[in-house]
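**Q** What follows is a single structure, and I will ask about it in a moment.
The values are calculated or read from the model by the stated rules, or taken from the named source; none is laboratory data. Predicted model, so just to flag it, every value in this text is computed and none were measured. Using ideal geometry, Cβ is built from the backbone for each residue, glycine included, and neighbour counts are taken over all protein chains shown.
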Amino acid sequence: MTTPKLVGQTAWISGATKGIGEGAALLFAREGAAVALIGRDENDGSRVLRAIQQTGGRAIFIRCDVTREEEVSASIQQTVDAFGGLQILVNNAGIVDVRMLHDYTVELWDHVMDVNVKSMFLAFKHAFPHLRKNRRSYVVNVGSISSFVGQCGTPVYTASKGAVLQLSRSIALDYARYGIRCNCVCPGITDTPMLRRHLNAMPDPEAHLAGRLNRVPLNEVLTPEVVAKSILYLCCEDSAGITGTSLTVDAGYLAAAEWNCQALVR
Ligand SMILES: NC(=O)c1ccc[n+]([C@@H]2O[C@H](COP(=O)([O-])OP(=O)(O)OC[C@H]3O[C@@H](n4cnc5c(N)ncnc54)[C@H](O)[C@@H]3O)[C@@H](O)[C@H]2O)c1
């Protein structure tokens, strides 16, 4: 049996009640971390909490809107009060909004940017006094393949995910002296409620998905568990020496300048 990787660590994970965040919460708890499940939905929060507790893991659910500074600050204090410290911050919560840029209002623009980017500033700001107390602490911000490339019909999401990558690099630079490593995990097409909502905004969701998968070399939709493994990697000493970088988990999507390649190997 392998040694669990996160024994003695406490992790604050936003958007931990669904999708990739839920996958990370379950994996981190299995690896021995005490996990603060940060989210807005009590029912989903209780479900993930029960799943962790039933397998002997430690967790608490904290209701928190990550765009609200007082709630973020309180959630971090509650985490530290419950578990005695904080070593790992996973800024995963995010939203996607499908519409053309000229159809945006200022309020909608602000909302997407607040959930996807401002939340990361708020969480880091309030976690820092605790993270700096450790010999080593870890921050993972969840970006996207759209941290690197444009995607149709999601201009503000794409802008926000570009900002997530740059913010991650800045945190890595400025806080390395405090023993904090910060990296960005950039998923491709992952089977979560967000993906389903995004697809359902299209006239033919399944055809749209098939079209997108057509240009993915591994031709597969990722699972939250697969993405969670990369988040875990960057939150422990398996990734010692790595900071200020991004890890794309995209089944090859960004590698492809061409697709439908004719096989040359026979
Ligand atoms: N699913 C994909 O294909 C995909 C691809 C690339 C990047 N991502 C990124 O991965 C991250 C997780 O996405 P997912 O697919 O699991 O999404 P999801 O919608 O399935 O889950 C997101 C979680 O964030 C929470 N959340 C949203 N707004 C919040 C707020 N204001 N306060 C607190 N919690 C809030 C939701 O309640 C939910 O629990 C996001 O940052 C997303 O942009 C997803």
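**Q** Given the criterion on the phi < 0 side of the Ramachandran plot and either more than 7 Å from the ligand (Cβ to nearest atom) or among the aliphatic types (A, V, I, L, M) (or both), identify the matching residue among 214, 219.
**A** The match here is 214.
**Q** Return a yes/no flag: does the range 178-194 have any residue that is in a helix (DSSP H, G or I), under 22 Å from residue 245 (Cβ atoms) and either near the ligand (Cβ under 8 Å from one of its atoms) or touching a helix residue (DSSP H, G or I) at 6+ places or on another chain (Cβ under 9 Å) (or both).
**A** yes
**Q** Quick one: which residue in 112, 185, 164, 139 is within 20 Å of residue 80 (Cα to Cα), under 18 Å from the mean Cα position of the chain (by Cα) and of a type outside the set (Asp, Glu)?
**A** That would be 139, the only listed residue that is within 20 Å of residue 80 (Cα to Cα), under 18 Å from the mean Cα position of the chain (by Cα) and of a type outside the set (Asp, Glu).
**Q** Moving on to the next point. State all residues of the range 210-234 that are surrounded by fewer than 17 Cβ atoms within 10 Å (Cβ to Cβ) and in a loop (DSSP other than H, G, I, E, B); if no residue qualifies, say none.
**A** Listed by number, the residues that qualify are 214, 215, 217, 218, 219, 220, 223.
**Q** Sticking with this one: Give me the pairs, please: first residue somewhere in the range 93-111 and over 13 Å from residue 160 (Cβ atoms), second residue anywhere and among the hydroxyl-bearing types (Ser, Thr, Tyr) and assigned to a loop (DSSP other than H, G, I, E, B), beta-carbon distance under 7 Å, and either six or more positions apart or on two chains.
**A** Cβ pairs passing all conditions: 98/154.
**Q** Which of the residues spanning the range 31-51 are closer than 20 Å to residue 233 by Cα and aliphatic (A, V, I, L, M)?
**A** Scanning the range 31-51 gives 33, 34, 35, 36, 37.
**Q** Oh, and also: So which pairs qualify, if the first residue must be in the range 186-205 and closer than 14 Å to residue 225 by Cα, the second must be part of a helix (DSSP H, G or I) and among the charged types (D, E, K, R), the Cβ gap must be under 7 Å, and the two must be at least 6 apart or on different chains?
**A** Hits for this filter: 189/212.
**Q** Is it the case that some residue within the range 134-151 is assigned to a helix (DSSP H, G or I) and more than 12 Å from the ligand (Cβ to nearest atom)?
**A** No, the range 134-151 contains no residue that is assigned to a helix (DSSP H, G or I) and more than 12 Å from the ligand (Cβ to nearest atom).
**Q** Tell me, which strands (runs of 3 or more DSSP E) lie completely within the range 1-107 with 3 or more residues that are more than 11 Å from the ligand (Cβ to nearest atom) and either at pLDDT 95 or above or over 27 Å from residue 152 (Cα atoms) (or both)?
**A** 10-14, 34-39, 58-63
**Q** Here is a follow-up. With respect to residue 200, is the statement that it is within 12 Å of the ligand (Cβ to nearest atom) and polar (S, T, N, Q) true?
**A** no
**Q** Listed residues 95, 13; which is crowded, with 22+ Cβ neighbours inside 10 Å and among the β-branched types (Val, Ile, Thr)?
**A** Testing whether each residue is crowded, with 22+ Cβ neighbours inside 10 Å and among the β-branched types (Val, Ile, Thr) leaves just 13.
**Q** Also, quick follow-up: What pairs come up if the first residue lies in the range 154-170 and is without any contact (Cβ under 8 Å) to a residue 40 or more places away in the chain, the second is part of a helix (DSSP H, G or I) and within 13 Å of the ligand (Cβ to nearest atom), and their beta carbons are under 7 Å apart, counting only those six or more places apart or on different chains?
**A** Within 7 Å, the pairs are 158/146; 162/147.
**Q** Quickly run through the range 108-119 and pick out the residues that are near the ligand (Cβ under 9 Å from one of its atoms) and aliphatic (A, V, I, L, M).
**A** 115
**Q** Now, a different point. Does at least one position in the range 99-111 carry a residue that is crowded, with 18+ Cβ neighbours inside 10 Å and either in contact with a Ser or Thr (Cβ under 8 Å, 6 or more places away or on another chain) or under 21 Å from residue 195 (Cα atoms) (or both)?
**A** No, the conditions are met nowhere in the range 99-111.
**Q** Mind counting the residues in the range 16-46 that are touching a Lys or Arg at 6+ places or on another chain (Cβ under 6 Å) and crowded, with 22+ Cβ neighbours inside 10 Å?
**A** Residues that pass the stated criteria total 1.
**Q** In the range 45-57, is there at least one residue being over 25 Å from residue 246 (Cα atoms) and within 18 Å of the chain's Cα centre (by Cα)?
**A** Yes.
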